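The values are calculated or read from the model by the stated rules, or taken from the named source; none is laboratory data. Just so you know, these numbers come straight off a predicted model, no measurement behind them. In this analysis, Cβ positions are derived from the backbone assuming ideal geometry, glycine residues included, and neighbour counts consider all displayed protein chains. With ligands, DNA and RNA removed, areas are computed over all heavy atoms of the protein, side chains included. Shrake-Rupley method; radii C 1.70, N 1.55, O 1.52, S 1.80 Å.
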Amino acid sequence: MFNWILNHSPLLYFTQSLWRDEAFSILVAQKPLSFILQNLTFEPPVYYLLLHYWIRVFGTSEIAARSLSLLGFTLATVVVISWSEKLFNKHWLSWVTPLLFFTNPMLLYYAFEIRTYGWYIFFIVLSLYAYSQSKWRLWVVASVLGFYTHTYFLFFFIAQSLHWIVLHRRKLLKPLTLLHDPMIASSILIVSSMLPWLIRVMKETAVLTNSWYFPVNFNLVKSVLGNMYLGYEGTPWHLWGFTANVSLFLLISFFLAVSKKKTRARNTFFLFCVILPLAIVIGVSFFKPLFVNRYLIGVTVAEVFLVALAIESINNHLLQKLGAWCLVLGALAFNVWYPSQHTKLNIRATIQEINALKGKDDVILAQSPLIFFETIYYADKGSHVFLYNPQNSPFPWYVGGVLVSNNQMAADLPVYPTRAFLVAEDGSFTVTYRIYE
């Protein structure tokens, strides 16, 4: 029973083998602070600084490192609980909304990943909450920290700013009054804080001609709302039609959420935070690919609130409760089915087997940059781990080139009796060597 629960619930995300980016995060966080601040070009430093000190206290095991992300997500849930009580005035939706948030498949998946996303979620929630409550000092702090956690936070700052402009468009006709508006002063402070990192990123954009971004197409556009809500990125492949239907359901929900004039101004804010970041990134991606769904995880946060607000807009109380329970139970059912369909490669088992078989002088060779960091992570301390690179190809920058030097690459196999354990990208391995006659 325990094994079934472990493999058919989000607990699997907590305990499964690390993948490349997670191993990269740990290897970076083990470096000195000067390395973190100077060598990460496209990844802002806040999360890595947190992880740097976290692993010093709790260690580098999968569960220890993932707990930091879970802490960020838990803090975000606490903010959602407080926000929901104010939003729904202690209506029963004030506890259903945090439940929808905490059980959302997209948010749950990244709440356990050793990447920026758990804290990215927290700062987005905190920023949206602070803006909606006109807590401008908190908004500045949350927005600056959010941007220095993930650069795509910029799109949510833009969405909030455009919402304020639309809401206060009459003020724009009186420029002198704007000088005394706390939102304007706060925005100036946020933008000035963002500029140093934006300039740094813009200087390096030339390397983006070779990256992990993929072009968008119509199949993605019609499915994107559902993909964002469920955390679907194409695995398993047959869900595209399902997520397109979920997208249609969400569109109807969003229309319901803003249908009543009494609550339209309040609810439109969340619609801005869904539509504008997606429109900007997908629009640009038709010319220069920028879209990665997890980078826009704040859209999922706004979707959750819009779904709850759509339920609030239903006049029939029975239908309200029926809709709420269907959504909660649907999320729970999806979280039982989906984890086993969305597992990471079990490279841990491969390297553990190699650790048991290899001798003191044997070497471990990763055959691809895409398997190199997790091979380093799981190899026994003191093991000789290299990237097998007979073509002397440069290490791809977007995989984590800042961590790799030439002395970590091997162009030849070792000479017998030293053996090489060749680790393939699919997690299999072979044992080989050279013999000189």
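I'm checking a number: the convex hull volume of the Cα atoms of the range 372-437, normalised per residue, in Å³. What is it?
It comes to 111 Å³ per residue, whole-number rounded.
Sorted by accessible area (1.4 Å probe), largest first, how do Glu85, Glu303 line up?
The most accessible residue leads, giving Glu85, Glu303.
Summing Lys, Arg as +1 and Asp, Glu as -1, what charge do residues with Cβ under 11 Å from the Cβ of Met228 carry, Met228 excluded?
It works out to a net charge of -1.
Can you tell me the orientation of helix 93-102 relative to the chain, as the angle in degrees between its alpha-carbon axis and the longest Cα principal axis, to the nearest 10?
Computed tilt is about 20 degrees.
What is the chain's relative contact order, in percent, from Cα pairs under 8 angstrom and six or more apart in sequence?
Taking the mean separation of contacting Cα pairs over the length of the chain, I get 18 percent.
Could you work out how much longer the chain between Ser393 and Asn219 gets when fully extended? Use 0.36 nm per residue separation minus the Cα distance between them, nm to one decimal.
59.2 nm
Amide H to amide H, which residues 5 or more places from Met409 or on other chains are under 5 Å from it, using H placed in the peptide plane?
Leu387
Add +1 for every Lys or Arg and -1 for every Asp or Glu among the other residues with Cβ under 14 Å from the Cβ of Val80, and state the total.
That sum, taken over residues with Cβ under 14 Å, equals -1.
What is the packing order of peptides 403-409, 260-266, taking the mean over residues of other C-beta atoms within 10 Å and listing the highest first?
The densest-packed peptide leads the list: 403-409, 260-266.
Please get the size of the charge dipole for the chain, origin at its Cα centre, with Cβ charges of +1 on Lys and Arg and -1 on Asp and Glu, quoted in debye to the nearest 20.
1920
Per 10 Å bin, what percent of the C-alpha pairs of the range 318-360 does each bin hold, from zero upward?
That works out to 23, 23, 19, 15, 12, 7, 2, in percent per bin.
Can you compute the FRET efficiency between Phe242 and Ser82 using 1/(1 + (r/R0)^6), with r the Cβ-Cβ distance and R0 = 45 Å? Round to the nearest 0.05.
Calculated value: 0.85.
Using the alpha-carbon atoms, what tilt in degrees (0 to 90, nearest 10) does helix 153-167 show relative to the longest principal axis of the chain?
Approximately 10 degrees, to the nearest ten.
In terms of the ratio Rg/(2.2 N^0.38 Å) built on C-alpha atoms, what value belongs to the range 16-160?
The value comes to 1.09.
Please compute the length gained on full extension between Asn7 and Lys288, using 0.36 nm multiplied by the number of residues separating them and subtracting their Cα-Cα distance.
97.3 nm
If I model a spin label as a point 7 Å beyond the Cα along the Cα-Cβ vector, how far apart are those points for Asp181 and Gln408 in nm?
Here the modelled spin labels are 4.9 nm apart.
In terms of Cα to Cα distance under 20 Å, which lysines are near enough to Lys261, apart from those fewer than 8 places away along the same chain?
Partners within reach: Lys86.
Between Leu37 and Leu138, what is 0.36 nm times their sequence separation minus the Cα-Cα distance? Round to one decimal in nm.
Contour length minus Cα-Cα distance gives 33.9 nm.
Taking R0 as 25 Å, what FRET efficiency do you get between Ile252 and Ile165 from their Cβ-Cβ distance, rounded to the nearest 0.05?
0.35
Between the helical axis of 317-337 and the dominant principal axis of the chain, each derived from Cα atoms, what acute angle in degrees is found, rounded to the nearest 10?
0
Could you calculate the FRET efficiency of Val201 with Thr263 from 1/(1 + (r/R0)^6), where r is the beta carbon distance between them and R0 is 45 Å, rounded to 0.05?
E(calc), rounded to 0.05, equals 0.75.
Could you point to the label whose value was computed as volume of the Cα convex hull per residue in Å³ for the structure here, given (1) 168; (2) 149; (3) 123?
It is the value labelled (1).
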